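Scroll down for the structure; my scribbles are underneath it.
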Amino acid sequence: MSHVATVDVRVTDLEAMKEACAALGLKFMEGQKSYRFYSSGWQDDSPVPDGLFETAEETARVRAMSKADRIKRMNEVLGKCDHAIRVPGAEYEIGLKSRADGSYSVTYDWYGSGGRAILTALGGEKAPKLVQEYANAKLKSEARRYGHIIESEERMADGSIKLRLLAGRY
Amino acid sequence: MHEVIIDSAGQIRTVYSDALAPTLAKLGAVSIARASMVEPGAGGWLADLAAVRGPVLGPFALRAEALAAEVKWLLDAGTPIPTGGK
């Protein structure tokens, strides 16, 4: 009578994010309020990405705008952040922007040569490698806080990370 | 001992345990889905893992043996996410 728990990870902890950046060889720029992206701004030549705005409704609203209004709105948002991340060799940067629910969005421009190094470093548009390393750092941090012992950490052939925990108090 | 897997997309999965629940809740939105059924059947206790596209294990003389077998199968199979789960 077992159950499986899954967690869709949300970035909330800057210390864990700093650890994730260190693990991937990225530079966390605490307090940097802007991040570099395409110098001419949003051109409306690709879809408005999921997760850029706080809600799906706001994303849908922006997608439904006229082209001129959408370009204006997108350029109000893009390039602004609360913290940034630099990827060695990349012209552009990654922005972390705080949300009302206490989490951070991870935004960067993967279009063209300026963002290609970021796309490679993060493993895709949704930054899976960064999210995975963040989850690993945050999970270990919280596990220790709850008195669990981390017995082992194994990097698997399929790219996953397997942690073995000995439960303590909770 | 508990195994937690963080897949290459950054999603976490583990066989549910009360001991880990508060830790997991700090990571994000947690979803929990049934992975198996342990019921008495012909000849003893059976562990049905159809929810994770797995076999029916058993029969076992003791319910505890069936429970242990299903957990071992889940771990050996890499903790598959139940059909219909996230």
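The values are calculated or read from the model by the stated rules, or taken from the named source; none is laboratory data. Quick caveat, the model's predicted, so the values are computed rather than measured. Cβ atoms come from the backbone with ideal geometry, glycine included; neighbour counts cover every protein chain shown.
Numbers below:
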item: Failed item in (1) closer than 22 Å to A:Gly31 by Cα; (2) more than 8 Å from chain B (Cβ to nearest Cβ); (3) in contact with a helix residue (DSSP H, G or I) (Cβ under 9 Å, 6 or more places away or on another chain), with A:Lys138 passing the rest; result: (2)
item: Residues that are surrounded by 13 or more Cβ atoms within 10 Å (Cβ to Cβ) and either of a type in the set (S, T, N, Q) or away from chain A (no Cβ under 11 Å) (or both), drawn from segment B:56-69; result: B:Val56, B:Leu57, B:Gly58, B:Pro59, B:Phe60, B:Glu65
item: Of residues in segment A:28-44 being surrounded by 14 or more Cβ atoms within 10 Å (Cβ to Cβ) and assigned to a strand (DSSP E or B), the one nearest to the other protein chains (Cβ to nearest Cβ); result: A:Phe28
item: Residue list for segment B:11-67, restricted to those being within 28 Å of A:Ile161 (Cα to Cα), part of a loop (DSSP other than H, G, I, E, B) and either of a type in the set (A, V, I, L, M) or touching a Gly at 6+ places or on another chain (Cβ under 8 Å) (or both); result: B:Ala19, B:Leu20, B:Leu27, B:Ala35, B:Ser36, B:Leu49
item: Hey, A:Leu130 without any contact (Cβ under 8 Å) to a residue 12 or more places away in the chain, crowded, with 16+ Cβ neighbours inside 10 Å, of a type outside the set (Phe, Trp, Tyr) and within 27 Å of A:Ser40 (Cβ to Cβ) or not; result: no
item: Verdict on B:Ile6 being crowded, with 22+ Cβ neighbours inside 10 Å and at the interface with another protein chain (Cβ under 7 Å from one of its Cβ atoms); result: yes
item: Verdict on B:Leu75 being closer than 20 Å to A:Asn136 by Cα and within 10 Å of the chain's Cα centre (by Cα); result: yes
item: Qualifying positions in segment B:25-41 - touching a residue at least 40 places away in the same chain (Cβ under 8 Å) and under 14 Å from A:Arg10 (Cα atoms); result: B:Ser31
item: Failed condition for B:Lys72, given (1) among the basic types (Lys, Arg); (2) more than 10 Å from every other protein chain (Cβ to nearest Cβ); (3) within 28 Å of A:Lys126 (Cβ to Cβ); result: (3)
item: Lone unmet requirement of (1) on the phi > 0 side of the Ramachandran plot; (2) more than 14 Å from chain B (Cβ to nearest Cβ) for A:Pro47; result: (1)
item: Single residue of A:Ala5, A:Ala16 found to be within 14 Å of chain B (Cβ to nearest Cβ), in contact with a Lys or Arg (Cβ under 8 Å, 6 or more places away or on another chain) and either charged (D, E, K, R) or closer than 30 Å to B:Ser36 by Cα (or both); result: A:Ala5
item: Residue in segment A:79-102 that is at pLDDT below 90 and surrounded by 16 or more Cβ atoms within 10 Å (Cβ to Cβ) present; result: no
item: Segments classed as strands (runs of 3 or more DSSP E), wholly inside segment A:58-170, with at least 1 members that are more than 18 Å from A:Tyr35 (Cβ to Cβ); result: A:149-155, A:161-166
